[in-house]
Each structure stands twice: as structure tokens, then as C-alpha cells.
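Here the structure is laid out as C-alpha cells; the discussion comes afterwards.
The values are calculated or read from the model by the stated rules, or taken from the named source; none is laboratory data. Here the structure is a predicted model, which is why all the values come from computation and not from measurement. Cβ atoms come from the backbone with ideal geometry, glycine included; neighbour counts cover every protein chain shown.
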Amino acid sequence: MHNLGPFELETPFVLAPMAGITNSPFRQLMRRVGASVVVSELASANGLEYDSGRTRELLEFREGERPVGLQIFSERSELLVKAAQYIEKLGADFVDLNLGCPVSKIVKKGAGSVMCRNPVELGKVLSAMVRAVKFPVTIKIRSGWNAESVNALEVVRVAEDVGITWVAIHARTRAQGYSGEADWELIGNIKSKVKIPILGNGDINTPEKAVERLKTYAVDAVMIGRGALRNPFIFRQARELLRTGSYAIATADEYFALMDLQKKLLEMRSNARSALLQSKKFLIWYSAGFPHCKEFRQKTFSLTSFEEVWVYGREFFETHLEGRDFEFLKEDFLMGGHG
Ligand SMILES: Cc1cc2nc3c(=O)[nH]c(=O)nc-3n(C[C@H](O)[C@H](O)[C@H](O)COP(=O)(O)O)c2cc1C
């Protein structure tokens, strides 16, 4: 068992929040295939205050996701406090504050990664949130604003002082966006200097890397985002590798089981158009690196029926499971997001 804050987890591998991706169906799916904690995509605390139905929808979750955290962002302390209280009432297991979003529109308003530029002010916001609720408040940050102001250690110390439960660090600066490599040395260095649990994040795209980073940098957990999109079995494989020293490549049956479950979860969504789009998006990601993935991508894009997409997906994994190019999976992928 691995302890992370108040949670006893089977594995130290956590699903990263990703806007447009880590919605309730995908979080349920990832919990079923081995992620030990899941986090929602960012939701606006301002949106919640001004009663956007869409924001409330973003914050829906199911029992099968637990432990599940809901992520919020805002430049307004009082709205973050209210949103945290709302999320506590909803019954989520923790609230996560987005302090890593590099997107200009959000940063210009004073939310996301820019809030870490002033750790003293940030401390007041975090303290207000922690005092307002009884459940865990966690944060997700970047390493700093730019190369000249890498201040993650200072932010982590402030978080520790005010009673934040853990800090997830995506070890790139805001200026880096998604370019370059995540600086795991920085993560390890911070971890060695503080008591608060640290989740290391950035560029984990293989089970080997997940286990190696966990051991080398002694983090409390490893957070995986994009890696899970091209290899949804990365959590199961990392767990196996950690426990036994090796792991099995996913079989066709595993892909079928995953696809059946995902199809069912998406079907339960009310919006048919979104279910179709999501089906295509995920199947195309899963197919990356397999022989003929390019043709698969093109044809899948052109399909218009939900059922057809899944039938075609099944056919693809039935016939092309051999000869996957794993090197291809290490290439840059999805170089933009909200954290
Ligand atoms: C499409 C996309 C959307 C993202 N949305 C969020 C988000 O809503 N909140 C957040 O904290 N991070 C978000 N991120 C950042 C990820 O959580 C993670 O920090 C980043 O992708 C690096 O980890 P990885 O290399 O394992 O993907 C997003 C990333 C991507 C690619």
C-alpha cells in the first residue's frame, strides 16, 4: 500500500488532470485499468458563481472514480473558497487548485500559473481555502514562471505551511509551455527538502519511466497525463513492473475489454455528438505506433456513426496488435494544455 495524504492507495500512479479529456467517463475507465487517483479537468470557480450549467456538469463524478479530486481555477480568493466548499458538499474526495495553467487568457486574468509569482499572496489564498473546508486541498504547479524565476520550492514551502495536502509539480516553467523536457532533478531536489507529499509530473510515457522516476526521485507518487492516452494500460503495467520487475504487453482481449467499457461509459452520456467525437479521439490515440495507424486515423475521422467507429476500432486491434513502434510513442505529442 502507498500512502498519499489521507488515502491508502494500491499504487503510486495517478492520472493527471487534462481539459477535454479527464471527464467522468474517462476517469472511471482509468480507475478500472489501474490509475489509483483521478483528477477532473479544470473548472472555473467564477463560472460556478455565475451559475454556468456547463461548469456544474464538469464537476459531476461517479462513485467508481474514488478517490477523485475536482480541479478549480480562479483569480478570486473568495470564489475559490466558495467553490471548494461546494465541491466538499458534492462529496468529492479532495479539491485541487490549478496553479499551473500557462494559457494566456487565464494567466492575464490573474489565475493559473501566474498566481505562483507571488508566493506570499498565494499563501493567503491557500490558507483561506484550507480553513474553509474539512477535506484535503491539493495544488498543481509548474516549476516557475520562466528560467529566471524557478520558485517551485518556495511555493511548496508556503503550501506546506498552510496545510495543503500535497503538491503535484509539472516540472516545466510557464514560459516553456510544453517544450523541452520536464526537469525531474528539480522535483527530486524539492522532494528531498520538504515533508509535504510531492507528486512528480511530466513526460512519463512508458511504464519503465514511471517506475524509474518514482525510485530515482523518491516522490510520493508519479502523475501521468498524455502517456495514458496512447497507452491506456500504462497504469497497470507500471504497477506490475514495480511489483514484479516486469510487465506484459497489452493483449487484444485487454483492448477489447477496454473498448467495450469505454463505449458503454460514453453511451451513457446524453450528448451523442460528443460521444462520437470522443470515441474517435480516443481510438486514434490508442492506435498510435501500431502498423497502419495512419490509415486508421483517416478512416476513423470520416466515420459518422458511433457504432461503426467502435466496430472499426475492434477490427483494427484484432489485426494490428503485432509490431508496434514504441519509439514513435516517445515523440512529442499534444503539446498544449491547461497545466
Ligand atoms: C490536453 C491537455 C489538457 C490539460 N489540461 C489540464 C488541466 O485542466 N489542469 C491541469 O492542471 N493540467 C492540465 N494539463 C497538464 C497535465 O496535467 C500535465 O501536467 C502535463 O500534460 C504534463 O504531464 P504529461 O507529460 O504526463 O502529460 C493538460 C495537458 C494536456 C496535454
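If the condition is being touching a residue at least 40 places away in the same chain (Cβ under 8 Å) and farther than 15 Å from GLU307 by Cα, then region 251-286 contributes THR251, ALA252, TYR255, LEU258, TRP285, TYR286.
Residue-level check: of (1) on the phi > 0 side of the Ramachandran plot; (2) buried (at least 16 other Cβ atoms within 10 Å of the Cβ); (3) not aliphatic (A, V, I, L, M), TRP166 misses just (1). Taking region 222-339 and the helices (runs of 4 or more DSSP H) fully enclosed by it, the elements with 2 or more residues that are closer than 26 Å to GLU181 by Cβ and within 16 Å of the ligand (Cβ to nearest atom) are at 227-230, 234-244, 272-286. Put simply, of LEU276, LEU261, LEU329, LEU303 the only residue that is modelled with pLDDT under 95, among the aliphatic types (A, V, I, L, M) and outside the structural domain of ASN98 (by TED's automatic domain parsing) is LEU329.
Just to be sure before I move on: is VAL158 closer than 18 Å to ASN98 by Cα and either more than 17 Å from the chain's Cα centre (by Cα) or aromatic (Phe, Trp, Tyr) (or both) in the structure I sent? Spelling it out, VAL158 is indeed closer than 18 Å to ASN98 by Cα and either more than 17 Å from the chain's Cα centre (by Cα) or aromatic (Phe, Trp, Tyr) (or both). Checking each residue in region 108-132 for being within 16 Å of the ligand (Cβ to nearest atom), farther than 17 Å from GLU41 by Cα and not in a helix (DSSP H, G or I) picks out no residue at all.
Just checking, does region 189-204 include any residue being within 15 Å of the ligand (Cβ to nearest atom), in a helix (DSSP H, G or I) and at pLDDT 95 or above? Looking for residues that are within 15 Å of the ligand (Cβ to nearest atom), in a helix (DSSP H, G or I) and at pLDDT 95 or above, one finds none in region 189-204, hence no. Any residue at all in region 92-107 that's in a helix (DSSP H, G or I), modelled with pLDDT of 95 or more and away from the ligand (no atom under 16 Å from the Cβ)? Looking for residues that are in a helix (DSSP H, G or I), modelled with pLDDT of 95 or more and away from the ligand (no atom under 16 Å from the Cβ), one finds none in region 92-107, hence no.
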